[in-house]
Structures are given as structure tokens and as C-alpha cells.
1. Given the criteria buried (at least 24 other Cβ atoms within 10 Å of the Cβ) and either under 23 Å from A:V228 (Cβ atoms) or at pLDDT below 95 (or both), does A:I100 qualify?
2. Which residues, counting only those in region B:55-86, are touching a strand residue (DSSP E or B) at 6+ places or on another chain (Cβ under 7 Å) and under 25 Å from B:A184 (Cβ atoms)?
3. Exactly one condition in (1) of a type in the set (K, R); (2) in contact with a strand residue (DSSP E or B) (Cβ under 7 Å, 6 or more places away or on another chain); (3) crowded, with 20+ Cβ neighbours inside 10 Å is not met by B:R34; state its number.
4. Here is a check on your reading of the model: is A:I216 more than 14 Å from chain B (Cβ to nearest Cβ), β-branched (V, I, T) and either in a helix (DSSP H, G or I) or under 19 Å from A:N45 (Cβ atoms) (or both)?
5. Restricting the search to region A:144-163, which residues are crowded, with 24+ Cβ neighbours inside 10 Å and within 12 Å of chain B (Cβ to nearest Cβ)?
6. Which of the residues belonging to region A:85-97 are surrounded by fewer than 21 Cβ atoms within 10 Å (Cβ to Cβ) and in contact with a Gly (Cβ under 8 Å, 6 or more places away or on another chain)?
7. Among the numbered conditions (1) touching a helix residue (DSSP H, G or I) at 6+ places or on another chain (Cβ under 6 Å); (2) buried (at least 19 other Cβ atoms within 10 Å of the Cβ); (3) within 14 Å of chain B (Cβ to nearest Cβ), tell me where A:G107 comes up short.
2 protein chains.
Amino acid sequence: MSKKKKKVEVCYSPALYPYYRNDNSIVVVADILRATTSICAAFKNGAKSLIPVAGLDEARKWKEKGYLVAAERDGLVLDFADFGNSPFNFSPSRVKGATIVYSTTNGTQAIKTASGAKHVAIGAFINLTALSGWLISEDADVVVLCAGWKNRYNLEDSVFAGALAAKLTGSGNFFTDCDAALAAIELWNIAQNDLCGYMDKAAHRHRLRKLGLDDIMEYCHTPDSTQVVPVLKDHLLVDYNKYFVEDNNSQQT
Amino acid sequence: MSKKKKKVEVCYSPALYPYYRNDNSIVVVADILRATTSICAAFKNGAKSLIPVAGLDEARKWKEKGYLVAAERDGLVLDFADFGNSPFNFSPSRVKGATIVYSTTNGTQAIKTASGAKHVAIGAFINLTALSGWLISEDADVVVLCAGWKNRYNLEDSVFAGALAAKLTGSGNFFTDCDAALAAIELWNIAQNDLCGYMDKAAHRHRLRKLGLDDIMEYCHTPDSTQVVPVLKDHLLVDYNKYFVEDNNSQQT
């Protein structure tokens with residue numbers, strides 16, 4: 001007997017999440033420029049775990065306790081933080097083996113918003129195929145939650161949502177009857193052959209350019225540079241592969 | 001000296017309106033299936049004015065006062081109402097010269113949401129060109145507010161938003177730096193050559209088909225069958241052309 005297909009839906013803003021919420025689903029948070037790309041980069045480069053915090057007061061308290069803190073607002077590094085929100089900041093020499101406290105304008109708030117779901121996972125172009133493989137193996141409905149920009153729709157998160165929805169429905173294990181997912185897949189179909197070029201029109205690309213922070217465009221829009229699947233586990237982000245799979249393997253041996 | 005271009009933005013849900021609100025702008029409310037198409041049909045067929053009401057209690061009170069009431073929820077006519085939300089209900093024999101009280105699942109709530117704007121206008125494919133001509137003459141920023149489906153994104157309102165944004169930016173009088181407008185224009189570019197066929201994938205089309213209410217698909221997706229431009233004037237919807245233009249002309253003669 002063939003398995004019943006699971007549903008994939010797309011929510012374009014944290015402010016719309018109440019209308020998409022399904023606590024039996026896995027929520028994939030996407031903030032391509034730059035929080036979720038940076039989280040994947042951190043795990044790729046050996047970070048042990050990340051503590052996502054929504055508020056700056058909370059981030060500052062962790063700093064006072066001696067933690068490594070990455071924090072930005074509107075693209076700029078906070079004065080008390082060790083570094084900001086560029087994936088290039090999360091270099092192996094800085095993050096290997098470390099637990100990093102992380103607060104950003106949109107991304108970490110979206111993670112908090114979704115925390116009632118069955119699982120919360122972190123999505124970016126750089127872990128697209130690894131993430132979709134994991135989602136297919138988990139066999140649960142999926143809601144892709146776009147972090148957006150201060151609750152407004154943005155292009156880069158929506159195109160990523162389309163890429164993921166296309167992978168999942170294309171696998172035969174998922175269906176969608178969600179108009180937002182259908183529209184996102186259309187955008188992905190237009191953008192996929194020149195993803196970085198297509199993103200030239202995105203509003204946040206212009207914000208970053210004005211700040212001299214757009215050196216990360218190619219990195220953020222190059223699929224599959226890592227196999228990490230960051231997931232939320234008791235308020236901590238860990239790499240599913242390291243935390244669950246390798247630990248189980250080592251317990252079994 | 002050339003005039004400064006005005007901005008057009010697209011808001012995909014009434015729940016996102018606080019993040020797009022600009023009280024110097026004209027808000028165009030779009031609920032293609034079916035409220036805003038029906039409002040345009042009512043004026044096309046000679047209605048004098050419409051009173052949009054968000055709540056059913058309010059609609060019932062107007063009925064008790066003797067008004068003609070159109071009211072639906074989830075596609076179905078309310079028992080106390082004279083008729084429901086199909087544009088075919090607003091026939092000349094019913095509406096000519098009449099003031100109609102109107103309450104729907106999404107559309108009339110969206111009109112209330114936008115009521116702080118400089119003007120609130122009603123948009124549908126059937127008045128697309130007339131509406132865009134009026135917006136260009138008004139020379140104000142425009143926010144297209146998609147009524148959506150219970151605050152979720154929907155395809156038909158978004159494609160309409162793209163059609164209107166494309167008309168406005170194509171006129172040379174408007175620009176956009178709004179990612180939602182850019183994405184909507186992409187959808188319109190895909191859909192425009194077979195609009196009704198494209199809408200076959202929309203979730204609400206399937207809801208209406210299940211209810212046997214999808215006979216209006218072609219009517220709702222055929223551009224420019226009317227020149228009316230319904231606008232909100234002191235809590236009443238009137239046709240701008242009749243109310244302001246013809247009245248002024250008759251005062252001048």
C-alpha cells in the first residue's frame with residue numbers, strides 16, 4: 001500500500017503564522033538574507049549548538065555570562081556582540097565546537113514564533129537537498145515559514161520556499177493545495193537558472209548593498225554547499241545529523 | 001519638469017496591512033472571487049450605492065430597516081439575506097437605483113481594514129483599465145490590499161494585484177520597490193494569456209466548484225467589461241464616475 005502523501009504549505013510572514021499553524025507539522029524557518037544561511041554555515045563550520053534569542057536584552061545577558069554572541073538589527077552588528085549576521089562571520093576558527101547565542105532582525109523571531117510545532121528546522125539554499133531529504137524521511141506535514149522583512153513579504157525567502165516545495169512535491173511524497181506554495185513554486189521556476197541574478201531585484205539585496213554587506217549574495221544563493229539540518233531541540237539549535245544520528249551510532253557501537 | 005513617480009505596493013492579506021499602511025495612499029481592495037467583482041457588477045448594473053458591513057449582526061439590522069441585503073459566509077447565502085455573493089445576483093432588475101447592504105467572508109472586512117486611507121477603491125479584473133486610469137489621474141501612492149481567504153494568501157487576488165501593478169508601472173507614472181508587487185507581476189505575466197485556465201489551480205476555485213458556485217469564473221476573470229470605479233465615500237461605496245464626475249458636470253451646466 002502506498003503511503004498517504006503529506007502536505008506542504010508556505011506562510012509568507014510570521015504575522016500570518018496563526019492562519020497556517022499546524023502543531024503536527026514540521027516548520028521550516030527561512031531567512032535567506034541572512035539568518036538561516038548563517039545558521040547552516042555555523043554548523044557546516046563545526047558549531048556545536050546555537051541559542052536563538054529574539055530580544056537584545058536576552059542576548060546581552062548571555063554575553064555577560066561569557067557566551068559568544070552574534071547579534072544584528074537592520075543589517076548592523078550590535079555594539080556588545082562578538083560579530084553580526086554574515087555567514088562569513090561564522091568561520092571555523094570562531095565557531096568550531098562552540099555554542100553561539102544568536103539574535104537577528106527577523107530570523108530568530110520567526111524561530112520563536114514556530115516553537116510550538118512538532119519540529120522546527122532551519123532552511124537555506126545551502127542545505128536545500130539535505131533538508132528536503134530529511135523532511136521526506138520524517139513523513140509529516142511541512143509549513144515553510146518565511147521570516148520576511150519586519151513582517152512584510154520578501155522575495156528571497158519566497159523563492160526558497162518555492163524551491164523546497166518543488167523538491168517535496170516532486171518527490172511524490174508531498175502534495176500541496178496551498179495557493180502560497182503554488183505561487184512560490186512559480187517564482188522558483190522563473191529564478192532557478194540564474195538564482196543570484198534573479199535576486200538582484202529583491203529589496204533586501206539593495207538594503208545590504210547600501211551597507212556594503214552584499215558580498216554574501218552568491219554564497220547565500222548557491223544550493224547544497226552543506227549537508228547540515230539544523231533543528232530546534234529544547235530551545236537549542238543542533239545539527240540533526242550530529243546530534244541524533246551520530247550519537248545514536250556511537251551509542252550502538 | 002517631469003512629475004515624481006508614485007509608488008505601488010501589494011499587501012497579500014488584511015493581517016499584513018499594518019506593515020503596509022500609508023494613510024496618504026489610495027488602497028485598492030481586491031477580492032476577485034467574489035466580493036469586489038460583485039461590487040463592480042452592481043454599479044455596472046445601475047446600483048446607486050453599497051453599504052459594506054463587516055459583521056452579520058449589522059447586516060441583519062439593516063435588513064430589519066428594510067434595506068436590500070446581500071450577505072454570505074464561506075460561499076453560502078445567509079438565511080436572512082435577499083441574495084448572496086455571486087456577481088450574477090446583482091442583476092439590473094434587482095439593483096438599478098438601489099442602495100444595497102453587503103457583507104462577505106473576506107472582502108467587506110478588508111474594506112473596513114483600509115478605511116483610514118486617503119481613498120479606498122474597489123478593484124477587479126472587470127474594471128482593471130478604468131481603475132488604473134483613475135489611479136494614474138489621482139497621482140497618489142497605491143497599496144493593493146488582497147482580501148485573501150481568512151487572512152491566508154490567495155492566488156486570484158495576487159494575480160489581480162500583479163495586473164494592476166503592471167498597468168501602473170507600465171504607465172511610467174508609478175514605480176515599485178516592493179517585493180510582493182514584483183512577485184505579483186511575475187504571476188500576472190505567467191497567467192495573463194489564459195487567465196481563467198490559470199485560475200484552475202486556485203484553492204478557492206475548488207471551494208466554489210464543490211458548492212456548485214463556479215459558474216462565475218469566466219465573468220470574474222474577463223478584464224474590462226465595465227468602466228465603474230467604486231470608491232468609499234463616508235462609509236458608502238459609490239461609483240466615482242457617477243458620484244463625482246457626472247454630478248459636477250450637472251452642477252456646471
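1. On the way: buried (at least 24 other Cβ atoms within 10 Å of the Cβ): yes; either under 23 Å from A:V228 (Cβ atoms) or at pLDDT below 95 (or both): yes.
When the stated conditions are applied, A:I100 passes them.
2. Of everything in region B:55-86, just one residue is touching a strand residue (DSSP E or B) at 6+ places or on another chain (Cβ under 7 Å) and under 25 Å from B:A184 (Cβ atoms), namely B:N85.
3. Checking B:R34 against (1) of a type in the set (K, R); (2) in contact with a strand residue (DSSP E or B) (Cβ under 7 Å, 6 or more places away or on another chain); (3) crowded, with 20+ Cβ neighbours inside 10 Å, the one that fails is (2).
4. Numbers: more than 14 Å from chain B (Cβ to nearest Cβ): yes; β-branched (V, I, T): yes; either in a helix (DSSP H, G or I) or under 19 Å from A:N45 (Cβ atoms) (or both): yes.
In short, yes.
5. Of everything in region A:144-163, those that are crowded, with 24+ Cβ neighbours inside 10 Å and within 12 Å of chain B (Cβ to nearest Cβ) turn out to be A:C146, A:G148, A:Y153, A:N154, A:L155, A:E156, A:D157, A:S158, A:V159, A:A161, A:G162.
6. Within region A:85-97, A:P92, A:K96, A:G97 qualify.
7. Among (1) touching a helix residue (DSSP H, G or I) at 6+ places or on another chain (Cβ under 6 Å); (2) buried (at least 19 other Cβ atoms within 10 Å of the Cβ); (3) within 14 Å of chain B (Cβ to nearest Cβ), A:G107 violates only (3).
To keep it simple, each residue is scored yes or no on (1) at positive phi; (2) part of a loop (DSSP other than H, G, I, E, B); (3) surrounded by fewer than 19 Cβ atoms within 10 Å (Cβ to Cβ); (4) small (G, A, S).
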{"site": "A:A184", "(1), (2), (3), (4)": "no, no, no, yes"}
{"site": "A:L195", "(1), (2), (3), (4)": "no, no, no, no"}
{"site": "A:M199", "(1), (2), (3), (4)": "no, no, no, no"}
{"site": "A:H204", "(1), (2), (3), (4)": "no, no, no, no"}
{"site": "A:R207", "(1), (2), (3), (4)": "no, no, yes, no"}
{"site": "A:G212", "(1), (2), (3), (4)": "yes, yes, yes, yes"}
{"site": "A:T222", "(1), (2), (3), (4)": "no, yes, yes, no"}
{"site": "A:S225", "(1), (2), (3), (4)": "no, yes, yes, yes"}
{"site": "A:F244", "(1), (2), (3), (4)": "no, no, yes, no"}
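The values are calculated or read from the model by the stated rules, or taken from the named source; none is laboratory data. Owing to the predicted nature of the structure, the values given are computational and were not obtained by experimental measurement. Don't worry about glycine lacking a Cβ; one is built from the backbone with ideal geometry, like all the others, and counts go over all protein chains shown.
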